[in-house]
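Peer 1: The structure is given below, and queries will be raised subsequently.
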Amino acid sequence: MSHSPLPVPGYTQQGDAAIMMVAENKMLEEMVMRQIDRHAVNAEVDQRMVALARTKMQEAYMWLNRSVFQPTRLIGPLDVDEITKKLGKKP
């Protein structure tokens with residue numbers, strides 16, 4: 001089965017396998033984030049490091065999910081042809 005794309009430019013239709021893979025990733029991410037939350041309320045640990053762990057885990061799962069969904073570049077007003085026209089140059 002193919003699922004409609006997200007209402008975000010650059011995202012394409014996704015099949016069941018891709019949806020399931022990202023859903024599993026989200027569940028794992030939530031488990032890890034809850035562990036990080038437990039450290040965030042512990043005054044005995046370095047909160048700067050906890051904040052870095054939170055940020056890096058969010059980033060890791062973002063990249064992992066992008067590897068599955070593979071969003072594409074946008075075609076539009078920021079294309080090279082459009083930019084060069086605005087600058088008065090030829091591509």
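Peer 1: Looking only at residues in the range 47-91 that are among the hydroxyl-bearing types (Ser, Thr, Tyr) and modelled with pLDDT of 75 or more, which one is nearest to residue 11 (Cα to Cα)?
Peer 2: The first filter runs over the range 47-91 and keeps only residues among the hydroxyl-bearing types (Ser, Thr, Tyr), leaving 55, 61, 67, 72, 84.
Going one step further and asking which of them are modelled with pLDDT of 75 or more, we end up with 55, 61, 67, 72.
On the way: 55: 24, 61: 17, 67: 12, 72: 6 Å.
Looking at the filtered set, the residue picked out is 72.
Peer 1: How many residues are part of a helix (DSSP H, G or I) and either surrounded by 12 or more Cβ atoms within 10 Å (Cβ to Cβ) or in contact with a helix residue (DSSP H, G or I) (Cβ under 7 Å, 6 or more places away or on another chain) (or both) when one looks only at the range 67-81? Spell out the reasoning first.
Peer 2: Here is the first cut: in the range 67-81, the residues part of a helix (DSSP H, G or I) are 67-69, 80-81.
If we keep only those that are either surrounded by 12 or more Cβ atoms within 10 Å (Cβ to Cβ) or in contact with a helix residue (DSSP H, G or I) (Cβ under 7 Å, 6 or more places away or on another chain) (or both) as well, we get 68-69.
Result for the range 67-81: 2.
Peer 1: Every residue in the range 1-55 that is among the small types (Gly, Ala, Ser) and over 16 Å from the mean Cα position of the chain (by Cα), please. I'd like the intermediate steps shown before the answer.
Peer 2: Filtering the range 1-55 for residues among the small types (Gly, Ala, Ser) gives 2, 4, 10, 15, 17-18, 23, 40, 43, 51, 53.
Within the range 1-55, 2, 4, 15, 17, 40, 43, 51, 53 meet the criteria.
Peer 1: Taking the conditions exactly as written (touching a residue at least 60 places away in the same chain (Cβ under 8 Å) and either loosely packed, with under 11 Cβ neighbours inside 10 Å or out of contact with any strand residue (DSSP E or B) (no Cβ under 9 Å at 6 or more places or on another chain) (or both)), does residue 55 satisfy them or not? Write out each step before concluding.
Peer 2: Working: touching a residue at least 60 places away in the same chain (Cβ under 8 Å): no; either loosely packed, with under 11 Cβ neighbours inside 10 Å or out of contact with any strand residue (DSSP E or B) (no Cβ under 9 Å at 6 or more places or on another chain) (or both): yes.
Taking the combined requirement at face value, the residue does not satisfy it.
Peer 1: Right, residue 44: touching a Phe, Trp or Tyr at 6+ places or on another chain (Cβ under 8 Å), modelled with pLDDT of 95 or more and not hydroxyl-bearing (Ser, Thr, Tyr) or not? Step through it out loud before you land on a result.
Peer 2: Working: touching a Phe, Trp or Tyr at 6+ places or on another chain (Cβ under 8 Å): no; modelled with pLDDT of 95 or more: yes; not hydroxyl-bearing (Ser, Thr, Tyr): yes.
No.
Peer 1: While we're on this one: Every residue in the range 7-41 that is exposed (fewer than 10 other Cβ atoms within 10 Å of the Cβ) and outside any helix (DSSP H, G or I), please.
Peer 2: 7, 8, 41 - these are the residues of the range 7-41 that are exposed (fewer than 10 other Cβ atoms within 10 Å of the Cβ) and outside any helix (DSSP H, G or I).
The values are calculated or read from the model by the stated rules, or taken from the named source; none is laboratory data. For clarity, every value in this text was computed on a predicted model and none was experimentally measured. All Cβ positions, glycine included, derive from the backbone under ideal geometry; neighbour counts span all protein chains shown.
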